[in-house]
Amino acid sequence: MSEIRRFQVKSLARVEGEGSLRVRVVDGTVEIAEFSIYEPPRFFEKLVRGREIREVPDIVARICGICPVAYQLTACEALEKALGITVTPDIRRLRRLLYCGEWIQSHALHVHLLHAPDFMGVESGFALAATHPDLVNRGLRLKMVGSRIMEVVGGRAVHPVNVTVGGFYRAPAAADLRGLVADLEWALAAAIDLVAEVSRFDFPGVPRDYDGVCLRPAVGYPVDNGRIVSTSGLDIDAADYDRHFSERQVPWSTALQSVMLPEEKPYLVGPLARVNLCHDRLPPAARLAAATCGLDFPLRLSSQSIVVRAIEIVAACEEALAIARSAMADISPCRIEFIQRAGAACHATEAPRGLLWHRYEIGGDGLIAGAAIVPPTSQNQGMIESDLKTMLPGVLGLDDAAATLACERVIRDYDPCISCATHFLRLTVDR
Amino acid sequence: MTAKPRLAVFKFASCDGCQLQLLDAQDRLLELAGRVQIDHFLEASSRVVPGPYDVGLVEGSITTADDVERIRDIRRQCRFLVTIGACATAGGIQALRNWGRIDDFLSAVYATPDTIAALATSTAIADHVPVDFELRGCPIDRGQLLDLLTAVLLGRKPHLPGHSVCVECKARGIVCVAVAKGVPCLGPVTQAGCGAICPAHDRECFGCFGPSESPNLVSLTGFYERRGTPRESLVRLVRSFNAAAPAFRAESDRLEASE
């Protein structure tokens with residue numbers, strides 16, 4: 001008589017969106033480890049069709065309340081390529097500042113309120129605030145610094161209103177940008193301390209040789225541009241993404257899963273992939289923090305992503321500080337005008353959770369004729385399942401509650417943004 | 001000492017941005033966490049305590065058959081049910097599907113649409129159960145959220161405005177984008193609460209807080225049309241983040257029917 005053991009997490013906690021997990025073990029062998037996304041789809045790629053070019057950044061922001069800027073800026077860059085316009089270096093720097101703000105607030109949220117409770121053995125950031133008030137208060141203040149950047153540059157922290165195709169509706173006041181300096185100086189020092197603290201955590205898991213995928217720009221750490229590279233040697237332009245990656249539908253999930261072609265292998269995107277492939281590109285303070293935190297690259301444990309997020313907060317603070325300090329006058333122009341025309345183009349950026357790829361097609365009437373969006377969590381789904389299958393044999397000796405917690409922790413290591421993952425994906429363009 | 005009020009946060013189809021406003025309350029977050037008992041807030045805590053709850057905050061719109069059952073159950077468990085944001089209050093941007101055919105949407109995205117459960121429409125929470133308070137916005141305003149929670153805790157009426165963004169805009173001394181720049185703006189018919197941030201950034205209000213009290217949309221769109229804005233652009237303007245809010249829906253349908 002074979003022994004069948006099942007455990008389920010019906011509603012995953014401390015993730016953005018709605019997901020569940022189903023595991024089936026037959027005679028000690030893991031038969032099923034399904035990370036299921038049951039969040040209902042919202043069909044964004046269809047929603048933008050027939051809309052005006054200028055409306056796209058506002059609409060796609062609503063895919064995710066935690067990383068709206070990633071969606072807005074990826075869309076703007078792709079649409080600008082399709083329209084044949086190039087923004088000024090000043091506009092590019094302000095976009096980078098805005099993106100840094102989003103990285104700081106998103107990473108600070110995940111590190112302190114969603115992820116750290118796992119390492120401290122508590123149920124939430126609220127519980128952690130009772131036992132480690134300094135850690136949580138500092139984390140919330142870090143998050144506030146990121147949100148403040150988004151307010152100053154973007155007009156609002158959740159779903160910024162100032163981002164448009166061609167640049168910004170209104171130039172942020174240079175004095176307001178310089179007003180960020182004091183907060184950012186504090187945040188930089190705080191983030192450096194944070195790296196040292198989280199690197200002393202115990203990191204569970206089975207070490208893996210991940211095939212990571214991220215952007216690698218000509219200079220600097222990957223954020224808003226670059227070629228798509230992988231641990232296994234891929235080096236392609238964003239325009240060639242869909243020749244090397246593909247999405248497939250699995251019956252247990254409303255999010256499509258991405259695989260790398262031709263082998264249809266899962267791959268890793270996000271902080272761990274970025275730091276493994278681009279740690280040589282970290283700005284000085286972040287590089288020093290990474291070099292002295294006691295971890296060796298490449299990192300092979302998903303749980304160590306908490307350290308990478310802290311390192312990336314340092315990097316984002318450093319970059320944001322340099323941009324804020326150098327703001328001497330309001331930029332002019334703040335927006336490059338465009339003439340409507342038909343065209344199509346893609347762009348990829350690094351959302352806090354990893355590679356984000358967009359493609360848009362503009363019709364002869366100047367309206368959006370087609371769109372495709374591949375968010376980071378769809379790309380990580382396959383690797384999350386692969387991680388679960390790898391670590392499960394090691395936790396089967398535990399009782400169900402402990403084994404379930406171990407599985408949940410693996411999923412939270414990825415900071416999955418399920419709301420993003422279900423806002424789908426490959427759209428067949430009617431021609 | 002009486003027991004702390006029990007708070008629950010529930011999510012339906014949404015982007016998480018409104019829940020995030022609660023976590024973005026920074027210094028006031030921990031103060032709030034000390035004054036209420038957070039018994040169901042999956043995005044923030046693994047601790048889930050069964051209902052009933054004193055206050056339930058609901059984010060997101062109803063888009064599946066399961067959702068319809070779940071919101072009825074949640075209503076039974078909550079003394080006060082509060083919808084937070086444009087999705088819960090009006091169906092959200094995903095309600096644009098209400099003007100299309102769901103099969104077109106499904107087959108456009110999925111190879112095997114049968115495994116996906118989705119209703120033909122995205123609807124507001126109040127279309128399914130009685131709602132005690134609604135907070136507008138895409139996303140909601142943090143200040144309004146904290147005021148509403150404080151009001152419920154103290155047993156007073158929340159201070160939520162019924163007037164339009166136009167009033168906020170004038171109070172801030174912002175140059176009118178519609179009058180001075182000829183940009184069609186929904187400020188005159190949109191509920192206040194955002195601080196008129198879009199006109200403050202030299203752009204139109206796109207109605208993310210939904211209709212204000214007694215909005216006169218016919219008059220407003222007629223004004224813009226006489227000034228040269230094509231009717232199909234006005235349909236798109238009114239049909240966005242609060243497309244299915246009754247006043248906005250009626251106007252976009254009227255404009256479309258008379259195209």
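The values are calculated or read from the model by the stated rules, or taken from the named source; none is laboratory data. These figures come from a predicted structure and were not determined experimentally. Note that each Cβ is placed from the backbone with ideal geometry, even for glycine, and that neighbours are counted across all protein chains shown.
The table below gives the values:
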item: Where B:Ala8 falls short, out of the listed (1) modelled with pLDDT of 90 or more; (2) within 11 Å of chain A (Cβ to nearest Cβ); result: (2)
item: A:Tyr71 being buried (at least 24 other Cβ atoms within 10 Å of the Cβ), in contact with a strand residue (DSSP E or B) (Cβ under 9 Å, 6 or more places away or on another chain) and under 29 Å from A:Ala196 (Cα atoms); result: no
item: Any hit, region B:239-255, residues being farther than 22 Å from B:Gly100 by Cα, in contact (Cβ under 8 Å) with a residue 12 or more places away in the chain and among the polar types (S, T, N, Q); result: no
item: Condition met for B:Val68 (touching a helix residue (DSSP H, G or I) at 6+ places or on another chain (Cβ under 7 Å) and in contact (Cβ under 8 Å) with a residue 60 or more places away in the chain); result: no
item: Residue ID - farthest from A:Ile228 (Cα to Cα), chosen from residues in region A:251-265 that are more than 9 Å from chain B (Cβ to nearest Cβ) and hydrophobic (A, V, I, L, M, F, W, C); result: A:Ala255
item: Filter result (out of contact with any strand residue (DSSP E or B) (no Cβ under 6 Å at 6 or more places or on another chain) and free of Cβ contacts under 8 Å to residues at least 24 places away in the same chain) within region A:145-174; result: A:Glu151, A:Gly155, A:Arg156
item: Options A:Val374, A:Val395, A:Val429: the member that is more than 12 Å from the chain's Cα centre (by Cα) and either at pLDDT 90 or above or within 14 Å of chain B (Cβ to nearest Cβ) (or both); result: A:Val429
item: Within region B:9-24, considering residues that are of a type in the set (A, V, I, L, M) and out of contact with any Gly (no Cβ under 7 Å at 6 or more places or on another chain), the one nearest to B:Arg47 (Cα to Cα); result: B:Val9
item: B:Glu59, sole failed condition from (1) without any contact (Cβ under 8 Å) to a residue 60 or more places away in the chain; (2) acidic (Asp, Glu); (3) more than 17 Å from B:Cys87 (Cα to Cα); result: (3)
item: When residues of region B:176-189 are limited to those that are in contact (Cβ under 8 Å) with a residue 24 or more places away in the chain and within 13 Å of chain A (Cβ to nearest Cβ), the one nearest to B:Arg249 (Cα to Cα); result: B:Leu186
item: Residue match in region B:226-248 (condition: within 21 Å of A:Glu55 (Cα to Cα), assigned to a loop (DSSP other than H, G, I, E, B), among the polar types (S, T, N, Q) and under 15 Å from the mean Cα position of the chain (by Cα)); result: yes
item: Odd one out for B:Glu225, checked against (1) more than 20 Å from B:Cys169 (Cβ to Cβ); (2) surrounded by 22 or more Cβ atoms within 10 Å (Cβ to Cβ); (3) not basic (Lys, Arg); result: (2)
item: Matching entry among A:Ala369, A:Ala401 (being more than 26 Å from A:Glu264 (Cα to Cα), of a type in the set (A, V, I, L, M), out of contact with any helix residue (DSSP H, G or I) (no Cβ under 8 Å at 6 or more places or on another chain) and in a strand (DSSP E or B)); result: A:Ala369
item: Among the residues listed as A:Gly166, A:Gly146, A:Gly154, A:Gly139, the single one being of a type in the set (Gly, Ala, Ser), more than 7 Å from chain B (Cβ to nearest Cβ) and over 21 Å from B:Leu20 (Cβ atoms); result: A:Gly166
item: Sole residue being more than 23 Å from the chain's Cα centre (by Cα), within 11 Å of chain B (Cβ to nearest Cβ) and small (Gly, Ala, Ser), chosen from A:Ala130, A:Ala182, A:Ala108; result: A:Ala130
item: Scan of region A:220-245 for residues that are under 27 Å from A:His107 (Cα atoms) and assigned to a helix (DSSP H, G or I), ordered by number; result: A:Ala238, A:Tyr241
item: Only listed residue being within 12 Å of another protein chain (Cβ to nearest Cβ), of a type in the set (A, V, I, L, M) and in contact with a Cys (Cβ under 7 Å, 6 or more places away or on another chain), chosen from B:Ala86, B:Ala65; result: B:Ala86
item: Residue, nearest to A:Glu350 (Cα to Cα), within region A:249-288, restricted to residues that are surrounded by 24 or more Cβ atoms within 10 Å (Cβ to Cβ) and of a type in the set (A, V, I, L, M); result: A:Val269
item: Residue among B:Ile93, B:Ile38 that alone is more than 18 Å from the chain's Cα centre (by Cα) and either more than 25 Å from B:Gly193 (Cβ to Cβ) or facing another protein chain (nearest Cβ under 10 Å) (or both); result: B:Ile38
item: Members of region B:1-51 found to be farther than 27 Å from A:Ile37 by Cα and either among the β-branched types (Val, Ile, Thr) or in a loop (DSSP other than H, G, I, E, B) (or both), listed by number; result: B:Met1, B:Thr2, B:Ala3, B:Lys4, B:Pro5, B:Ala25, B:Gln26, B:Val36
item: Test set (1) under 20 Å from A:His107 (Cβ atoms); (2) assigned to a helix (DSSP H, G or I); (3) within 12 Å of another protein chain (Cβ to nearest Cβ); (4) of a type outside the set (Ser, Thr, Tyr) - A:Leu188 fails condition number; result: (3)
item: Hey, B:Gly193 touching a residue at least 40 places away in the same chain (Cβ under 8 Å) and in contact with a Ser or Thr (Cβ under 6 Å, 6 or more places away or on another chain) or not; result: no
item: Filtered residues of region B:228-259 (kept if within 22 Å of A:Ile59 (Cα to Cα), of a type in the set (Asp, Glu) and surrounded by fewer than 21 Cβ atoms within 10 Å (Cβ to Cβ)); result: B:Glu232, B:Asp253, B:Glu256
item: Unique match (being within 23 Å of B:Asp141 (Cα to Cα) and surrounded by fewer than 21 Cβ atoms within 10 Å (Cβ to Cβ)) among A:Glu52, A:Glu102, A:Glu123, A:Glu151; result: A:Glu151
item: Scan of region B:162-185 for residues that are surrounded by 14 or more Cβ atoms within 10 Å (Cβ to Cβ) and in contact with a helix residue (DSSP H, G or I) (Cβ under 8 Å, 6 or more places away or on another chain), ordered by number; result: B:Ser164, B:Val165, B:Cys166, B:Cys169, B:Ile174, B:Cys176, B:Val177, B:Ala178, B:Val183, B:Pro184, B:Cys185
item: Filter result (within 9 Å of chain A (Cβ to nearest Cβ) and among the aliphatic types (A, V, I, L, M)) within region B:41-61; result: B:Leu42, B:Ala44, B:Val48
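Residue by residue, here is whether (1) more than 18 Å from the chain's Cα centre (by Cα); (2) over 28 Å from A:Gly146 (Cβ atoms) holds:
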residue: A:Glu39; (1), (2): yes, no
residue: A:Val48; (1), (2): yes, no
residue: A:Cys67; (1), (2): no, no
residue: A:Leu73; (1), (2): no, no
residue: A:Ile85; (1), (2): yes, yes
